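See structure below.
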Amino acid sequence: MPSATAAIFSAVTDAARTFGASYFAGAYGPHYARRNPPRKWRSFLRELARFRTEGDLLDVGCAYGLFLREASARFRCSGCDVSAHALEVARTLLPPEIPLFAAQLGDLPTTRRYDVVTCFDVLEHVRDLPRALADVRAHLRPGGFLVATMPVYDGPLGWLVDRLDHDATHVHRRSRAFWLEQLGTGFAVRRFTGIWRYFAFGRWYLNAVSRSTRRITPAILLVAQRRESP
(Lines give C-alpha, C1' and ligand atoms only; values in the text may rest on other atoms or scores of the structure.)
Protein backbone atom coordinates (compact mmCIF):
# COMPACT_ATOMS: atom_id res chain seq x y z
CA MET A 1 0.00 0.00 0.00
CA PRO A 2 1.54 3.38 -0.99
CA SER A 3 2.54 5.48 2.01
CA ALA A 4 0.04 8.30 1.29
CA THR A 5 -2.81 5.83 0.92
CA ALA A 6 -1.72 4.04 4.09
CA ALA A 7 -1.70 7.33 6.00
CA ILE A 8 -5.22 8.15 4.83
CA PHE A 9 -6.44 4.65 5.71
CA SER A 10 -4.88 4.95 9.16
CA ALA A 11 -6.45 8.37 9.79
CA VAL A 12 -9.89 7.15 8.71
CA THR A 13 -9.55 4.06 10.88
CA ASP A 14 -8.57 6.13 13.92
CA ALA A 15 -11.48 8.51 13.37
CA ALA A 16 -13.89 5.60 12.93
CA ARG A 17 -12.81 4.31 16.35
CA THR A 18 -13.20 7.77 17.91
CA PHE A 19 -16.73 8.20 16.59
CA GLY A 20 -17.99 4.72 17.38
CA ALA A 21 -21.04 3.64 19.34
CA SER A 22 -19.54 4.85 22.63
CA TYR A 23 -19.13 8.39 21.25
CA PHE A 24 -22.79 8.61 20.24
CA ALA A 25 -23.89 7.10 23.56
CA GLY A 26 -21.80 9.66 25.46
CA ALA A 27 -22.87 12.64 23.35
CA TYR A 28 -26.56 11.81 23.02
CA GLY A 29 -27.40 8.99 25.43
CA PRO A 30 -30.76 7.51 24.44
CA HIS A 31 -31.96 10.89 23.11
CA TYR A 32 -30.48 11.10 19.61
CA ALA A 33 -33.86 11.30 17.88
CA ARG A 34 -35.21 13.85 20.38
CA ARG A 35 -32.16 16.04 19.88
CA ASN A 36 -32.52 15.81 16.11
CA PRO A 37 -36.25 16.22 15.43
CA PRO A 38 -37.61 16.72 11.89
CA ARG A 39 -38.41 20.39 12.62
CA LYS A 40 -34.69 21.03 13.17
CA TRP A 41 -33.72 19.70 9.77
CA ARG A 42 -36.65 21.42 8.07
CA SER A 43 -35.52 24.75 9.48
CA PHE A 44 -32.09 24.17 7.93
CA LEU A 45 -33.68 23.19 4.61
CA ARG A 46 -35.66 26.43 4.63
CA GLU A 47 -32.40 28.38 4.90
CA LEU A 48 -30.99 26.43 1.95
CA ALA A 49 -34.24 26.85 -0.03
CA ARG A 50 -33.51 30.56 -0.31
CA PHE A 51 -30.83 29.57 -2.81
CA ARG A 52 -31.44 25.99 -3.93
CA THR A 53 -34.48 23.70 -3.85
CA GLU A 54 -33.36 20.68 -5.86
CA GLY A 55 -30.32 18.89 -7.20
CA ASP A 56 -27.66 16.50 -5.92
CA LEU A 57 -26.82 16.78 -2.21
CA LEU A 58 -24.08 15.17 -0.14
CA ASP A 59 -24.40 15.23 3.64
CA VAL A 60 -20.91 14.92 5.13
CA GLY A 61 -21.00 13.56 8.66
CA CYS A 62 -24.52 12.25 8.12
CA ALA A 63 -24.54 10.30 11.43
CA TYR A 64 -27.82 8.37 11.70
CA GLY A 65 -29.18 9.95 8.52
CA LEU A 66 -32.10 11.93 9.95
CA PHE A 67 -31.33 15.03 7.87
CA LEU A 68 -31.14 12.90 4.72
CA ARG A 69 -34.58 11.51 5.47
CA GLU A 70 -35.99 15.05 5.34
CA ALA A 71 -33.83 16.34 2.48
CA SER A 72 -34.65 13.41 0.18
CA ALA A 73 -38.10 14.89 -0.44
CA ARG A 74 -36.39 17.68 -2.41
CA PHE A 75 -32.89 16.51 -3.32
CA ARG A 76 -31.13 13.47 -4.76
CA CYS A 77 -29.26 12.62 -1.59
CA SER A 78 -26.08 10.81 -0.62
CA GLY A 79 -24.45 10.60 2.78
CA CYS A 80 -21.06 9.82 4.23
CA ASP A 81 -19.61 9.50 7.69
CA VAL A 82 -16.33 8.35 9.19
CA SER A 83 -18.25 6.29 11.75
CA ALA A 84 -19.03 2.72 10.73
CA HIS A 85 -21.45 2.58 13.65
CA ALA A 86 -23.36 5.66 12.42
CA LEU A 87 -23.59 4.30 8.88
CA GLU A 88 -24.85 0.95 10.15
CA VAL A 89 -27.67 2.68 12.01
CA ALA A 90 -28.39 5.05 9.09
CA ARG A 91 -28.83 2.11 6.72
CA THR A 92 -31.65 0.79 8.93
CA LEU A 93 -33.44 4.17 8.93
CA LEU A 94 -33.07 5.32 5.33
CA PRO A 95 -34.49 3.94 2.09
CA PRO A 96 -31.98 1.86 0.11
CA GLU A 97 -31.93 4.32 -2.80
CA ILE A 98 -29.96 6.82 -0.67
CA PRO A 99 -26.30 5.81 -1.08
CA LEU A 100 -24.09 5.91 2.01
CA PHE A 101 -20.33 5.51 2.20
CA ALA A 102 -17.51 5.73 4.72
CA ALA A 103 -15.30 8.80 4.31
CA GLN A 104 -13.35 11.45 6.17
CA LEU A 105 -13.67 15.09 5.17
CA GLY A 106 -10.46 16.12 3.47
CA ASP A 107 -10.17 12.74 1.74
CA LEU A 108 -13.57 12.18 0.16
CA PRO A 109 -13.11 9.11 -2.06
CA THR A 110 -15.40 10.20 -4.89
CA THR A 111 -14.98 12.24 -8.06
CA ARG A 112 -18.68 13.04 -8.21
CA ARG A 113 -19.75 16.66 -7.89
CA TYR A 114 -22.81 17.96 -6.08
CA ASP A 115 -25.04 21.02 -6.07
CA VAL A 116 -25.06 21.10 -2.26
CA VAL A 117 -22.70 19.75 0.42
CA THR A 118 -23.89 19.93 4.01
CA CYS A 119 -21.67 19.74 7.11
CA PHE A 120 -23.82 19.95 10.23
CA ASP A 121 -21.66 20.18 13.36
CA VAL A 122 -18.74 18.62 11.51
CA LEU A 123 -16.10 21.26 10.79
CA GLU A 124 -15.30 21.90 14.46
CA HIS A 125 -14.06 18.29 14.63
CA VAL A 126 -11.67 18.59 11.65
CA ARG A 127 -8.06 19.55 12.40
CA ASP A 128 -7.02 20.57 8.89
CA LEU A 129 -9.73 23.06 7.94
CA PRO A 130 -8.11 24.42 4.76
CA ARG A 131 -7.84 20.88 3.39
CA ALA A 132 -11.40 20.04 4.43
CA LEU A 133 -12.88 23.15 2.84
CA ALA A 134 -10.84 22.66 -0.32
CA ASP A 135 -12.23 19.12 -0.46
CA VAL A 136 -15.79 20.43 -0.17
CA ARG A 137 -15.16 23.01 -2.87
CA ALA A 138 -13.68 20.37 -5.20
CA HIS A 139 -16.85 18.30 -4.84
CA LEU A 140 -19.22 21.17 -5.60
CA ARG A 141 -20.37 22.06 -9.08
CA PRO A 142 -19.87 25.67 -10.19
CA GLY A 143 -22.28 27.80 -8.20
CA GLY A 144 -22.85 25.02 -5.67
CA PHE A 145 -23.49 25.60 -1.97
CA LEU A 146 -21.94 24.53 1.30
CA VAL A 147 -24.34 24.60 4.27
CA ALA A 148 -22.62 24.29 7.64
CA THR A 149 -23.51 24.64 11.29
CA MET A 150 -21.13 24.88 14.22
CA PRO A 151 -21.06 25.97 17.88
CA VAL A 152 -19.45 29.35 18.57
CA TYR A 153 -17.69 30.47 21.73
CA ASP A 154 -17.76 34.26 21.52
CA GLY A 155 -20.36 36.84 22.47
CA PRO A 156 -22.12 37.16 25.83
CA LEU A 157 -22.97 33.44 25.94
CA GLY A 158 -19.61 32.16 24.74
CA TRP A 159 -18.45 31.27 28.25
CA LEU A 160 -21.59 29.20 28.80
CA VAL A 161 -21.23 27.35 25.49
CA ASP A 162 -17.67 26.48 26.44
CA ARG A 163 -18.65 25.39 29.94
CA LEU A 164 -21.46 23.12 28.69
CA ASP A 165 -19.39 21.64 25.87
CA HIS A 166 -17.82 18.40 27.09
CA ASP A 167 -16.98 17.04 23.63
CA ALA A 168 -13.20 16.51 23.56
CA THR A 169 -13.32 16.02 19.78
CA HIS A 170 -14.19 19.71 19.26
CA VAL A 171 -10.73 20.86 18.19
CA HIS A 172 -11.96 24.31 17.06
CA ARG A 173 -13.70 26.25 19.82
CA ARG A 174 -13.78 29.51 17.94
CA SER A 175 -15.78 32.65 17.25
CA ARG A 176 -18.29 33.37 14.50
CA ALA A 177 -15.76 35.76 12.94
CA PHE A 178 -13.30 32.86 12.69
CA TRP A 179 -15.77 30.73 10.73
CA LEU A 180 -16.78 33.57 8.44
CA GLU A 181 -13.11 34.11 7.65
CA GLN A 182 -12.48 30.39 7.05
CA LEU A 183 -15.34 30.11 4.58
CA GLY A 184 -14.26 33.32 2.89
CA THR A 185 -11.48 31.38 1.17
CA GLY A 186 -12.98 29.59 -1.80
CA PHE A 187 -16.55 30.54 -0.90
CA ALA A 188 -18.82 33.58 -0.70
CA VAL A 189 -21.02 33.54 2.39
CA ARG A 190 -24.60 34.17 1.25
CA ARG A 191 -26.45 33.59 4.51
CA PHE A 192 -25.34 33.97 8.13
CA THR A 193 -27.94 32.87 10.65
CA GLY A 194 -27.93 32.20 14.38
CA ILE A 195 -29.22 29.02 16.03
CA TRP A 196 -30.67 28.78 19.51
CA ARG A 197 -30.47 25.19 20.70
CA TYR A 198 -30.79 23.49 24.04
CA PHE A 199 -31.88 20.07 25.27
CA ALA A 200 -33.67 20.12 28.63
CA PHE A 201 -34.77 17.47 31.09
CA GLY A 202 -34.15 14.60 28.68
CA ARG A 203 -37.31 15.52 26.83
CA TRP A 204 -37.51 18.97 25.24
CA TYR A 205 -35.23 20.23 22.48
CA LEU A 206 -35.13 23.90 21.53
CA ASN A 207 -34.01 24.63 17.98
CA ALA A 208 -34.75 28.09 16.62
CA VAL A 209 -33.10 29.82 13.66
CA SER A 210 -32.74 33.59 14.09
CA ARG A 211 -30.93 36.18 12.00
CA SER A 212 -31.74 39.06 14.34
CA THR A 213 -29.82 37.45 17.24
CA ARG A 214 -27.06 35.81 15.21
CA ARG A 215 -24.37 37.76 17.11
CA ILE A 216 -25.26 36.16 20.43
CA THR A 217 -26.62 32.68 19.62
CA PRO A 218 -24.64 29.62 20.80
CA ALA A 219 -24.43 28.22 17.27
CA ILE A 220 -24.56 29.51 13.70
CA LEU A 221 -25.62 28.33 10.26
CA LEU A 222 -23.73 29.49 7.17
CA VAL A 223 -24.76 29.09 3.55
CA ALA A 224 -21.72 29.68 1.34
CA GLN A 225 -21.49 29.54 -2.44
CA ARG A 226 -18.50 28.14 -4.29
CA ARG A 227 -16.32 30.85 -5.77
CA GLU A 228 -15.04 30.16 -9.28
CA SER A 229 -11.64 31.55 -8.24
CA PRO A 230 -10.41 30.09 -4.91
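At a glance:
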| item | result |
| --- | --- |
| Long-range neighbours under 6 Å by Cβ, at least six apart or interchain, first residue more than 15 Å from Y32 (Cβ to Cβ) and without any contact (Cβ under 8 Å) to a residue 24 or more places away in the chain within the stretch 77-105, second part of a strand (DSSP E or B) and among the charged types (D, E, K, R) | G79/D59 |
| Of residues in the stretch 72-89 being in contact with a Leu (Cβ under 6 Å, 6 or more places away or on another chain) and more than 16 Å from R141 (Cα to Cα), the one surrounded by the fewest Cβ atoms within 10 Å (Cβ to Cβ) | L87 |
| Of the criteria (1) modelled with pLDDT of 95 or more; (2) surrounded by fewer than 21 Cβ atoms within 10 Å (Cβ to Cβ), which one F145 fails | (2) |
| Residues that are out of contact with any strand residue (DSSP E or B) (no Cβ under 7 Å at 6 or more places or on another chain) and surrounded by 15 or more Cβ atoms within 10 Å (Cβ to Cβ), drawn from the stretch 187-214 | none |
| The stretch 175-188: number of residues that are within 13 Å of M150 (Cβ to Cβ) and in contact with a helix residue (DSSP H, G or I) (Cβ under 8 Å, 6 or more places away or on another chain) | 4 |
| Residues satisfying the stated conditions in the stretch 166-205, i.e. out of contact with any Pro (no Cβ under 8 Å at 6 or more places or on another chain) and small (G, A, S) | A168, S175, A177, G184, A188, G194, A200, G202 |
| Filter result for the condition that a residue is loosely packed, with under 14 Cβ neighbours inside 10 Å and within 26 Å of R39 (Cβ to Cβ), over H170, H125, H166 | H166 |
| Criterion (of a type in the set (G, A, S) and part of a loop (DSSP other than H, G, I, E, B)) met by exactly one of A148, A63 | A63 |
| L68 being within 26 Å of W204 (Cα to Cα), modelled with pLDDT of 95 or more and among the aliphatic types (A, V, I, L, M) | yes |
| Residue match in the stretch 72-92 (condition: within 20 Å of R190 (Cβ to Cβ) and either out of contact with any Phe, Trp or Tyr (no Cβ under 8 Å at 6 or more places or on another chain) or not in a loop (DSSP other than H, G, I, E, B) (or both)) | yes |
| Residue check for H172: assigned to a loop (DSSP other than H, G, I, E, B), under 15 Å from the mean Cα position of the chain (by Cα) and closer than 26 Å to Y23 by Cβ | yes |
| Qualifying residue in the stretch 30-44 (condition: free of Cβ contacts under 8 Å to residues at least 12 places away in the same chain, surrounded by fewer than 19 Cβ atoms within 10 Å (Cβ to Cβ) and part of a helix (DSSP H, G or I)) | no |
| Among (1) modelled with pLDDT of 95 or more; (2) within 24 Å of R190 (Cβ to Cβ); (3) of a type in the set (G, A, S), the one test that G106 misses | (1) |
| Boolean, A134 is surrounded by 21 or more Cβ atoms within 10 Å (Cβ to Cβ), in contact (Cβ under 8 Å) with a residue 24 or more places away in the chain and hydrophobic (A, V, I, L, M, F, W, C) | no |
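The values are calculated or read from the model by the stated rules, or taken from the named source; none is laboratory data. Please read these numbers as outputs of a predicted model, since none were measured by experiment. Here Cβ is always computed from backbone atoms with ideal geometry, including for glycine, and neighbour counts include all displayed protein chains.
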